[in-house]
Amino acid sequence: MISQIGSLALSISGGLILSTFFFLFYYSIKKNKIFLDVSERGLIAVCFCVILATLCLLNELLISNFNLQYVSQYTSYETPLFFKVTALWAGQAGSLLFWTFIMSIYSLIYINVSLRKMHELKFWSYIMLSFIFGFFLLLSNFVANPFEPVSSDIIVQNGNGLNPLLQNVTMAIHPPTLYLGFIGTTILFVMALSALISKSLTFEWIQSIRRWSLIVWTFLSAGIILGGYWAYNELGWGGYWAWDPVENSSLMPWLILTAFIHSSMIQEKRGMLKSWNILLAASTFLLVILGTFITRSGIVSSVHSFTAENLGPLFLGFLTSLILFTVYWFFKRLDLLKSDKKIDSFSSREGGFLYNNLILLLMCFIVLWGTLFPILSEAWNGEKIYVGATYFNQLNVPIGLVLLFLMGIGPLLSWRTTSNSKLLSNFKIPMVVSFVSGVIYSLFFGPFQLYPLVTCMGIAFTGTSISNEFRKSYMKSKSKDKSIASAFTSMMLNNRHKNGGYIVHIGITLLFVGFIGRAFEVEKEFNLSPGEEIYFANYIFKLNSIKSEARDNHYAFISDMDVIDQSNNLLTSLYPEKRIYFYWNPDPEKRQPHSELDIYSTMRKDIYSIFSAYDAEKNQGYFKIMINPLVNWVWIGGIVMVIGSLFAFWPSKRRDYGVI
Amino acid sequence: MNRIYTSLILVFALIVIWTIYLTNLRQDNSLTVRYYTIEELVSIDSSISTSVKVGGLIKPNSISINNDDQLEVSFYVYQGNDSLRVYYYGIRPDLFKDDAEVVVAGSFNDNLIVATELQTKCASRYEGDLKNIEKI
């Protein structure tokens, strides 16, 4: 019953989109405002229908209605309640509906809050929203319908259940967070182009789109970091980033959005770079759709394969029409976007933002080129050629280091131009601190590896420069306030935009601390029987025992390994497990092994252990141990980044509440 | 066009050209690796070693694990009627089993792929046929 309601809501929303288009068309001829209002209501109704359909699917997942193909493929009676909810986005059909669901929520906010203040954007916003909704509803209704019943000649006694790798809290939060970021770019696209077409690039518009971009950026950043966290803690290859096409697809919109957040500040402050900003805002969404096309079409081989062959051409068509639409209007409105002001000085805050844009764009190009390379080379000479992690690192690491220094240079520059004497006095302290840290680093670790040394100096430079900014505004605030606490609070709260931005920069600097560790990773694979030990990376690894245990939904071999440090103290005990899911299944093909890691984690280093195989005859375990320095700083940096952007987003005055 | 824009565009263009130059299509480029289908690989001259990336399915019953060292494995990947032997030393992914879809990268010489990378397609894909059904 409920599933019929869901299915019906989905079809109705498809019909509603068509009628919305019809009314918009009518409005464009008759110019009667009533048609615009009707289409607005039509869109709102679409949103509610999609939300209803999603709730219906959720209900079917929770009550395990195995008459639905989707429910029986991704859940079983044994699937814990929490993961029945997450199954909503575990598969193709569900995740497309979930996409439209999030888009509905964003659109409701956009229509009811943002557009209330910008009537002139309504018409074109509705056209674009209807088009985008139309595309996704087409997919959900005709290509990947989550309410598709199982074939009529079978009864499903129990569903397949959710992949054990996905039964993990991080994996439950990561996709929706990333989705909130991805889909938020839809609003940026709609907002940028509707303002461009209706020629109303007002101050209110730039403020509003900046707030939207901060929301999207926060979710996107959190989603990417959570993905890395999940990979590191679950997948067992000891890393958090592999330059896989799917990862790259999430990084590209992030890079461009970051560029937009910076360059839109120039527009807000000085009314320049309008055309550039429009292009950046629109590109974030285009890159999201490109990424979706890459990951869902199976055109590039990736370890994350969401491969469903039927979606590729559809997404390609959708992407092409969006690009043509953007390019057409961009050139048609080019004259509107000209600015009479110029950026004259290389050493100005504007200049700094431009360098930032250059770097971020370059990184995006490098990632895009590398990701599309197999497709491009195949089109060129018929050979599918891949570039590996070496390519991405070789190009992005030096450019990333320039970005690290730039985060410290930016605050030292003034708007318009910075005088030479001021440059010198501003740069003095960070330069000295950076140089001293470089010397200290070399004394401890030797100057042999260039990148870690430069990173260390960059962190010191940027850290000093940002702390100095905080110190200056604190002194200013202290001169008015008496107590330390109230001076600090008013300093922080007075300029939340700026302070939030600096906190984000501190977070990114901390990320770089984590990146240094990658240069010093070591690993070893070996086998041990209980009682034996091995010496590696200044530690003794002693295997005490391997136990086995049948648990609720799997069978586990649990190893017990002591880690003893140089001074013969027991540092920790590690218990990595080898698990067999579906072990009761008589067909060995259907059983699924899974390595559950154990990580001893400190601020200095992680000891990462994997129990990869168990030889029952010889009672011998096969292990892999990795020593990963400074990994925790990546997660801390990520958290600081998110806190910073929330801080910047939080409205500082009451009147700001309305501006989304 | 003023100075600052010109210089930025120039830097951008230079690095773009550098990137394209680095990914040139020469055979010996260490940054790139060509993806072959098994069918293509079977037919090329394998007397000289080439670095390759290849995808296929693991041939059922072809996995042979060394009893003395379980990290050592050899197996066949197949696609249609063609298959090739792969040697790999190291930890295998959890989903490594008969008919699993794998991507291996390594060097190809004398009809043997010595793999340095072995990946199974995993995580997100968990569809497959329904397991517990009753026909009516």
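Is it the case that residue B:29 is surrounded by fewer than 14 Cβ atoms within 10 Å (Cβ to Cβ), modelled with pLDDT under 90, more than 30 Å from residue A:154 (Cα to Cα) and more than 7 Å from every other protein chain (Cβ to nearest Cβ)? Let's see the steps before the verdict.
Details: surrounded by fewer than 14 Cβ atoms within 10 Å (Cβ to Cβ): no; modelled with pLDDT under 90: yes; more than 30 Å from residue A:154 (Cα to Cα): yes; more than 7 Å from every other protein chain (Cβ to nearest Cβ): yes.
For residue B:29, the condition - surrounded by fewer than 14 Cβ atoms within 10 Å (Cβ to Cβ), modelled with pLDDT under 90, more than 30 Å from residue A:154 (Cα to Cα) and more than 7 Å from every other protein chain (Cβ to nearest Cβ) - is not met.
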The residue that is farthest from the other protein chains (Cβ to nearest Cβ), considering only those in the stretch A:319-346 that are open to solvent by 30 Å² or more (accessible area, probe 1.4 Å) and among the small types (Gly, Ala, Ser), is A:321
Margin query: Could you go through the stretch A:72-91 and let me know if any residue there is over 19 Å from residue A:108 (Cβ atoms) and among the basic types (Lys, Arg).
Written below: yes
- Message: Condition (residue is modelled with pLDDT under 85, open to solvent by 20 Å² or more (accessible area, probe 1.4 Å) and under 20 Å from the mean Cα position of the chain (by Cα)) applied to the stretch A:245-258: is it met by at least one residue?
- Response: no
Only one of A:630, A:571 is farther than 30 Å from residue A:181 by Cβ and not β-branched (Val, Ile, Thr), namely A:571
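Residues checked against (1) under 33 Å from the mean Cα position of the chain (by Cα); (2) among the hydrophobic types (A, V, I, L, M, F, W, C); (3) within 22 Å of residue A:353 (Cα to Cα):
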| site | (1), (2), (3) |
| --- | --- |
| A:396 | yes, no, yes |
| A:405 | yes, yes, yes |
| A:412 | yes, yes, yes |
| A:422 | no, no, yes |
| A:452 | yes, no, no |
| A:459 | yes, yes, yes |
| A:462 | yes, no, yes |
| A:465 | yes, no, yes |
| A:490 | yes, no, no |
- Would you mind stating whether residue B:99 is among the acidic types (Asp, Glu) and more than 14 Å from chain A (Cβ to nearest Cβ)? no
Among residues of the stretch A:127-167 being within 12 Å of chain B (Cβ to nearest Cβ) and in a helix (DSSP H, G or I), the residue farthest from residue A:229 (Cα to Cα) is A:164
The residue from A:129, A:43, A:137, A:68 that alone is open to solvent by less than 10 Å² (accessible area, probe 1.4 Å), in contact with a helix residue (DSSP H, G or I) (Cβ under 8 Å, 6 or more places away or on another chain) and at pLDDT below 95 is A:68
Q: Would you confirm whether any residue within the stretch A:364-380 is open to solvent by 10 Å² or more (accessible area, probe 1.4 Å), more than 10 Å from every other protein chain (Cβ to nearest Cβ) and at pLDDT below 90?
A: yes
Of (1) surrounded by fewer than 18 Cβ atoms within 10 Å (Cβ to Cβ); (2) under 21 Å from residue A:105 (Cβ atoms); (3) of a type in the set (Asp, Glu), residue A:37 satisfies every one except (2)
Next on the checklist: Please verify whether residue A:109 is surrounded by 20 or more Cβ atoms within 10 Å (Cβ to Cβ), more than 14 Å from every other protein chain (Cβ to nearest Cβ) and either within 15 Å of residue A:68 (Cβ to Cβ) or modelled with pLDDT of 95 or more (or both), treating the condition exactly as stated.
Outcome noted: no
Is it the case that the stretch A:384-402 has a residue that's farther than 30 Å from residue B:50 by Cβ, open to solvent by less than 50 Å² (accessible area, probe 1.4 Å), in contact (Cβ under 8 Å) with a residue 12 or more places away in the chain and more than 11 Å from every other protein chain (Cβ to nearest Cβ)? yes
Checked A:94, A:181 against criteria (part of a helix (DSSP H, G or I), touching a Leu at 6+ places or on another chain (Cβ under 8 Å) and within 12 Å of chain B (Cβ to nearest Cβ)); the one match is A:94
Scanning the stretch A:343-358 for residues that are within 18 Å of residue A:404 (Cα to Cα) and without any contact (Cβ under 8 Å) to a residue 60 or more places away in the chain gives A:355, A:358
Taking the stated definitions as given, is residue A:535 free of Cβ contacts under 8 Å to residues at least 12 places away in the same chain and either surrounded by fewer than 16 Cβ atoms within 10 Å (Cβ to Cβ) or in a strand (DSSP E or B) (or both)? yes
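Please determine whether any residue of the stretch B:115-128 is modelled with pLDDT of 85 or more and either surrounded by fewer than 17 Cβ atoms within 10 Å (Cβ to Cβ) or part of a loop (DSSP other than H, G, I, E, B) (or both). I'd like the intermediate steps shown before the answer.
First, pick out the residues of the stretch B:115-128 that are modelled with pLDDT of 85 or more: B:115-118.
Filter once more, keeping what is either surrounded by fewer than 17 Cβ atoms within 10 Å (Cβ to Cβ) or part of a loop (DSSP other than H, G, I, E, B) (or both): B:116-117.
Looking through the stretch B:115-128, at least one residue is modelled with pLDDT of 85 or more and either surrounded by fewer than 17 Cβ atoms within 10 Å (Cβ to Cβ) or part of a loop (DSSP other than H, G, I, E, B) (or both).
Can you confirm whether residue A:356 is open to solvent by 30 Å² or more (accessible area, probe 1.4 Å) and within 12 Å of chain B (Cβ to nearest Cβ)?
Working: open to solvent by 30 Å² or more (accessible area, probe 1.4 Å): no; within 12 Å of chain B (Cβ to nearest Cβ): yes.
When the stated conditions are applied, residue A:356 does not pass them.
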Per the filter on the stretch B:65-94, residues more than 10 Å from every other protein chain (Cβ to nearest Cβ), in a strand (DSSP E or B) and open to solvent by 60 Å² or more (accessible area, probe 1.4 Å) are B:76, B:79, B:85, B:87
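Looking at the structure I just gave you, is residue B:41 within 12 Å of chain A (Cβ to nearest Cβ), surrounded by 16 or more Cβ atoms within 10 Å (Cβ to Cβ) and within 30 Å of residue B:109 (Cα to Cα)? Show your work before the answer.
Numbers: within 12 Å of chain A (Cβ to nearest Cβ): no; surrounded by 16 or more Cβ atoms within 10 Å (Cβ to Cβ): yes; within 30 Å of residue B:109 (Cα to Cα): yes.
Answer is no for this residue.
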For residue B:47, the lone unmet condition from (1) part of a helix (DSSP H, G or I); (2) modelled with pLDDT under 90; (3) more than 8 Å from every other protein chain (Cβ to nearest Cβ) is (1)
Of the listed residues (A:142, A:203, A:219), the one being at pLDDT 95 or above, under 30 Å from residue A:122 (Cβ atoms) and open to solvent by 10 Å² or more (accessible area, probe 1.4 Å) is A:219
With criteria (1) farther than 15 Å from residue B:84 by Cα; (2) open to solvent by 40 Å² or more (accessible area, probe 1.4 Å); (3) facing another protein chain (nearest Cβ under 7 Å); (4) in contact with a strand residue (DSSP E or B) (Cβ under 7 Å, 6 or more places away or on another chain), residue B:23 comes up short on (2)
Considering residues that are in a loop (DSSP other than H, G, I, E, B), away from chain A (no Cβ under 12 Å) and either within 14 Å of the chain's Cα centre (by Cα) or polar (S, T, N, Q) (or both), the number found within the stretch B:55-64 is 1
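The values are calculated or read from the model by the stated rules, or taken from the named source; none is laboratory data. On a predicted model such as this, the values are computed, not experimentally measured, just so you know. We place every Cβ from the backbone using ideal geometry, glycine too, and count neighbours over all the protein chains shown. To get the accessible areas, we keep the full protein, side chains included, count just its heavy atoms, and leave off ligands, DNA and RNA. Shrake-Rupley method; radii C 1.70, N 1.55, O 1.52, S 1.80 Å.
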